[in-house]
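Notes to accompany the following structure.
The values are calculated or read from the model by the stated rules, or taken from the named source; none is laboratory data. Computed from a predicted structure; not experimentally measured. No Cβ is skipped: glycine too gets one built from the backbone with ideal geometry, and neighbour counts run over all protein chains shown. With ligands, DNA and RNA removed, areas are computed over all heavy atoms of the protein, side chains included. Shrake-Rupley method; radii C 1.70, N 1.55, O 1.52, S 1.80 Å.
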Amino acid sequence: MKKLEAYVQPFRVKKVKEALAEEGFEEVHTLDVRDQSHRSYSERLRGTEYNLDLLPRTLVIAFIADEKVDQAVDLVQEAAHTSHGPSGKIVISNVDSVVPIG
């Protein structure tokens with residue numbers, strides 16, 4: 001079993017979850033996170049300029065059977081891709097076991 005962690009732009013989360021659900025990957029978890037990017041930008045609020053280097057991202061987590069990992073990665077890549085800037089990243093790691101609570 002593998003753990004898929006996809007760091008995607010928040011406005012793409014719905015598309016990613018729908019794409020995974022359509023192919024049978026029903027159990028998906030999400031967390032709001034901040035991504036420290038190489039590019040920072042400035043915003044002015046009430047006359048004060050702030051340098052922002054943490055960009056909002058959503059972490060989408062799913063546990064996937066080994067033989068379906070490539071399919072899940074393709075689905076996430078397609079659904080999360082944007083035409084402007086980096087769209088995010090996907091991390092795949094091995095999972096020894098998943099134990100239910102209760």
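Tabulated results
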| item | result |
| --- | --- |
| Total residues in segment 76-88, condition open to solvent by less than 60 Å² (accessible area, probe 1.4 Å), in a helix (DSSP H, G or I) and either free of Cβ contacts under 8 Å to residues at least 60 places away in the same chain or in contact with an Asp or Glu (Cβ under 8 Å, 6 or more places away or on another chain) (or both) | 1 |
| From the options GLU23, GLU49, residue that is acidic (Asp, Glu) and under 20 Å from LYS2 (Cα atoms) | GLU23 |
| Filter result for SER87 (farther than 16 Å from GLU27 by Cα, at pLDDT 95 or above and in contact with a strand residue (DSSP E or B) (Cβ under 8 Å, 6 or more places away or on another chain)) | no |
| Top-ranked residue in segment 1-51 [being over 16 Å from GLY88 (Cβ atoms) and hydrophobic (A, V, I, L, M, F, W, C); ranked as least open to solvent (accessible area, probe 1.4 Å)] | PHE25 |
| Residue tally, condition open to solvent by 60 Å² or more (accessible area, probe 1.4 Å) and touching a helix residue (DSSP H, G or I) at 6+ places or on another chain (Cβ under 7 Å), over segment 52-67 | 0 |
| Options VAL91, VAL60, VAL73: the member that is among the hydrophobic types (A, V, I, L, M, F, W, C), under 17 Å from the mean Cα position of the chain (by Cα) and assigned to a helix (DSSP H, G or I) | VAL73 |
| Flag if ASP70 is open to solvent by 40 Å² or more (accessible area, probe 1.4 Å) and at pLDDT 90 or above | yes |
